[in-house]
Amino acid sequence: MTITGKQLIAGNWTDGRAGNFYGVNPATGEDLQPAFTAADEFQVAEAVHAASACAGEFANLAPAKRAEFLNTCADEIMALGDELLERVSAETGYPRARAEGERGRTCGQLRLFADWIVKGEYLDARIDTALPERQPLPRPDLRSFNQALGPVAVFGASNFPLAFSVAGGDTAAAFAAGCPVIVKGHNSHPGTSELVAQAVANAVKKCGLPGGVFSLILGSGTRVGAELVKSPGIKAVGFTGSLQGGMALFKLANERPEPIPVFAEMGSINPVVLLPEALKARAEAIAEGFVGSLTLGTGQFCVNPGLVIAVEDEGLDRFIAATSAALAKVPAGVMLNKNTLAGYQSGVARLRDQAGVEQVATGEPARGDGGFTCQAGLLTVTAKEFLSNHTLQEEVFGPMSLVVKCRDRSELLQAVSALQGQLTGTLQCTESELVNYGDLVDVLRQKVGRVVCNNFPTGVEVCHSMMHGGPFPAATDARFTSVGTMSIARFVRPICFQNYPEALLPDALKNSNPLNICRLVNGEKTCDAV
Ligand code: NAP
C-alpha cells in the first residue's frame, strides 16, 4: 500500500481542499512524508450525505453479512503487514511490540463483535403476542428490537492509533450495530489512519457494500470535527481524548436543532487505595506493580493510576521508598506528540505549584535530543490539602502520580468521598479489609466504572463483561462502556412494531425466527419459533 495523503470520502480517495500537514516522528521531532491534505466543509458534507443515503441498507443487512464485513476488515488490516507496524511506531514512538499488540487487539475486537452479533443478544428482541380476547381490553401484537441509530462520527484517539482509532472500538461497535461511520482521524497518526482506512475500504468493496458505509476525513478538530458533529445526518458521536475536547463536542451536539448523544470517554485519574493490612504484608510488591502500571506506554493510558490514597503509616513509607527506588531506574519515555508533552509538563508544574505538594521521586531525566521525551515521577500531599484543592484532581496525562496521605481511616473515607467520577478505582487490600472497609467500598462503587481488586487498572480486556466508562467527568454517560461487546448499545435504539404484518417484520421479530436467536416471548426467554 502507498500512503497518499488523501481523504476517503464515500469510497473515493480524494485530495483535501483545506491545506496540508505532516505526521511527526515523536522520537526525533522530524516531519514524516508524505504531506496530508485536510478536508473542507463540502467534503465533510459529501461523506455525511453518502453515509445517510446507505444507512437504511446497512442497518437492514443480516447480522451474518455484517459479521463477514467485520472479519474482512480484520483480515485486510493484517494484510497491511509490516508497513502498518512501522508507520505506527514512526508516528507514535511506540515500540514494535506495542504496535503489534495493539493490532492484535484491534483485529481481535473486530472478530469478537462479528461472533457476538450473529448470536443476536444485542438485538434484545421481544415479542408480546396479541391477546384479542383479553378483558376489559384486547392486547395488540407488540414486538421490539434494537435497530441501528444511523451514521456515527468517530474521533480517533491519539494514544491508541489502532485500537481506538480508524477501525478501533468505536468503529467496530458502530459497524456491528449497523451504522455507517465517518472517522475524524487524529492528526498525530495520519499515515496509520490512512493505511487502516485503505484496509476498511477494501473490506467494503469485497463485501459489496456501498462506499458511504465508511469515510475517513482529516483536518483540525475545531473545523472538520465540529463540522461533522453539526451535520444533521450524524446521529451519534464516539470520542476518546481530553475532557476539553470531549466537552466541546458534547456542547456542540446538544446545541444542534436535533441534539444527538456524544459518547465521550475523557479524563480519569484512576485512584489506587492502599489499605493498611495489604501494605503491611506486601508494600514492596505493590510498589513494583504500581510502577509498572504508572509507566506503561509512558503513562499515556486513560486508566493510568494518577492518584494513590492511603493512611500514613510504616507500610505507606515502605511503599513510597520502593516506588521511588523503582522510578529512579525508569528511562525517559517518548510521548505521542508535542502537545501531549507540553500538556504533561504544564500539568506536572501545576501540581507541583499547589500548596503542600512535594516531589518525592523522579525517573531518569528527559533527553535533550529533539524527541518528545519526559521524566516520570511521584508527588505527595496531605489529605487535608487534597480535600481543599480541586486542582489536585485534574488529570495529568503521563507517568506522574500523586500520593494522598491520610491521618486516619476517617480521612481516608473523606478523600475517597471527595473524588469525582473515574474510569477505575483500585483496592489493594486483604479479603478481610474488603469486608471491614465496606463503607469505603460502597463509596468507591458510586464513583467508578470498574473496581479493580489486587490488580492494576492498566490493561483493559476487550470482552463481554468489560465496563470502560464511568460517572462524569470520566465519560459523558455512565450507563455505557466504550470497550467490549456491551459498547454496541451506544449505537442502537429500541423500536417497537404494533400490529405489524408478520411477513414484513424485521427478521429478528418474525414468528419463524429465521436468525435463530433467543428472544423474550410473552415474558419467557426462548430460542424457539413463535
Ligand atoms: P484531544 O485534544 O481531546 O483531541 C482528540 C480529538 O478531538 C482530536 O481529533 C481533536 O482534533 C478533536 N478535538 C479536540 N478538541 C476539539 C474541539 N474543541 N472541537 C472539535 N474537535 C476537537 O485529545 P488528544 O489530542 O488525544 O490529547 C490531548 C490531551 O488530551 C493529552 O495531552 C491528554 O492530556 C489528554 N488525553 C486524555 C486521554 C484520556 O483517555 N483521558 C486520552 C488521550 C489524551 P485536533 O487534534 O485536530 O484538534
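Evaluate region 191-208: report whether one residue or more is within 12 Å of the ligand (Cβ to nearest atom) and assigned by TED's automatic domain parsing to the domain that holds Asp124.
Going residue by residue through region 191-208, those that are within 12 Å of the ligand (Cβ to nearest atom) are 193.
Next, from what is left, pick out any that are assigned by TED's automatic domain parsing to the domain that holds Asp124: 193.
The answer is yes, given that some residue of region 191-208 is within 12 Å of the ligand (Cβ to nearest atom) and assigned by TED's automatic domain parsing to the domain that holds Asp124.
Any idea how many residues of region 142-158 are farther than 29 Å from Gly120 by Cβ and in contact with a strand residue (DSSP E or B) (Cβ under 8 Å, 6 or more places away or on another chain)?
Residues of region 142-158 farther than 29 Å from Gly120 by Cβ: 155-158.
Applying the additional criterion that residues be in contact with a strand residue (DSSP E or B) (Cβ under 8 Å, 6 or more places away or on another chain) yields 155-157.
Result for region 142-158: 3.
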Any idea which residue in region 19-44 is nearest to the chain's Cα centre (by Cα), counting only those that are assigned to a loop (DSSP other than H, G, I, E, B) and either over 19 Å from Ala226 (Cα atoms) or assigned by TED's automatic domain parsing to the domain that holds Ala332 (or both)? Pro26
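Identify all residues within region 6-18 that are part of a strand (DSSP E or B) and open to solvent by 30 Å² or more (accessible area, probe 1.4 Å); write none if there are none.
Pass one, region 6-18, residues part of a strand (DSSP E or B): 7-9, 12-14.
The answer is Asn12, Trp13, Thr14.
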Looking at Asn71 and the list (1) touching a residue at least 60 places away in the same chain (Cβ under 8 Å); (2) farther than 18 Å from Glu194 by Cβ; (3) of a type outside the set (Ser, Thr, Tyr), which single condition is not satisfied? (1)
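For region 209-223, what are the residues that are buried (at least 24 other Cβ atoms within 10 Å of the Cβ), farther than 24 Å from Met335 by Cα and within 16 Å of the ligand (Cβ to nearest atom)?
To start, the set of residues in region 209-223 that are buried (at least 24 other Cβ atoms within 10 Å of the Cβ) comprises 212-219.
From the residues that got through so far, the ones that are farther than 24 Å from Met335 by Cα too are 212-217.
If the condition is that a residue be buried (at least 24 other Cβ atoms within 10 Å of the Cβ), farther than 24 Å from Met335 by Cα and within 16 Å of the ligand (Cβ to nearest atom), then Ser215, Leu216, Ile217 are the ones that fit.
Answer yes if at least one residue in region 255-277 is part of a helix (DSSP H, G or I) and either more than 16 Å from the ligand (Cβ to nearest atom) or in contact with an Asp or Glu (Cβ under 7 Å, 6 or more places away or on another chain) (or both), and no otherwise.
First pass over region 255-277, keeping only residues part of a helix (DSSP H, G or I): 255, 276-277.
So of that shortlist, the ones also either more than 16 Å from the ligand (Cβ to nearest atom) or in contact with an Asp or Glu (Cβ under 7 Å, 6 or more places away or on another chain) (or both) come out as 276-277.
Within region 255-277 (the criterion being part of a helix (DSSP H, G or I) and either more than 16 Å from the ligand (Cβ to nearest atom) or in contact with an Asp or Glu (Cβ under 7 Å, 6 or more places away or on another chain) (or both)), the answer is yes, since at least one residue qualifies.
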For region 413-455, which residues satisfy the criterion of being open to solvent by less than 50 Å² (accessible area, probe 1.4 Å) and either basic (Lys, Arg) or at pLDDT below 95 (or both)? Lys447, Arg450
So which of Leu243, Leu228 ends up being modelled with pLDDT of 95 or more, assigned by TED's automatic domain parsing to the domain that holds Gly169, over 26 Å from Phe456 (Cα atoms) and within 12 Å of the ligand (Cβ to nearest atom)? Leu228
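Looking at Ala328, is it touching a helix residue (DSSP H, G or I) at 6+ places or on another chain (Cβ under 6 Å), more than 29 Å from Ser220 (Cα to Cα) and either of a type in the set (Val, Ile, Thr) or surrounded by fewer than 22 Cβ atoms within 10 Å (Cβ to Cβ) (or both)?
Numbers: touching a helix residue (DSSP H, G or I) at 6+ places or on another chain (Cβ under 6 Å): no; more than 29 Å from Ser220 (Cα to Cα): yes; either of a type in the set (Val, Ile, Thr) or surrounded by fewer than 22 Cβ atoms within 10 Å (Cβ to Cβ) (or both): yes.
No.
Kindly evaluate Glu312 against the criterion of being of a type in the set (D, E, K, R) and open to solvent by less than 30 Å² (accessible area, probe 1.4 Å).
Working: of a type in the set (D, E, K, R): yes; open to solvent by less than 30 Å² (accessible area, probe 1.4 Å): no.
Criteria not met by Glu312.
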List the number of the failed condition for Val396; all other conditions in (1) in contact (Cβ under 8 Å) with a residue 40 or more places away in the chain; (2) surrounded by fewer than 21 Cβ atoms within 10 Å (Cβ to Cβ); (3) assigned to a loop (DSSP other than H, G, I, E, B) hold. (2)
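The values are calculated or read from the model by the stated rules, or taken from the named source; none is laboratory data. Just so we're clear, the structure is a prediction, and the values are computed from it rather than from any experiment. Positions of Cβ are generated from backbone atoms using ideal geometry, with glycine treated the same way; all protein chains shown enter the neighbour counts. Accessible surface is based on the protein model in full, side chains and every heavy atom, while ligands, DNA and RNA are left aside. Shrake-Rupley method; radii C 1.70, N 1.55, O 1.52, S 1.80 Å.
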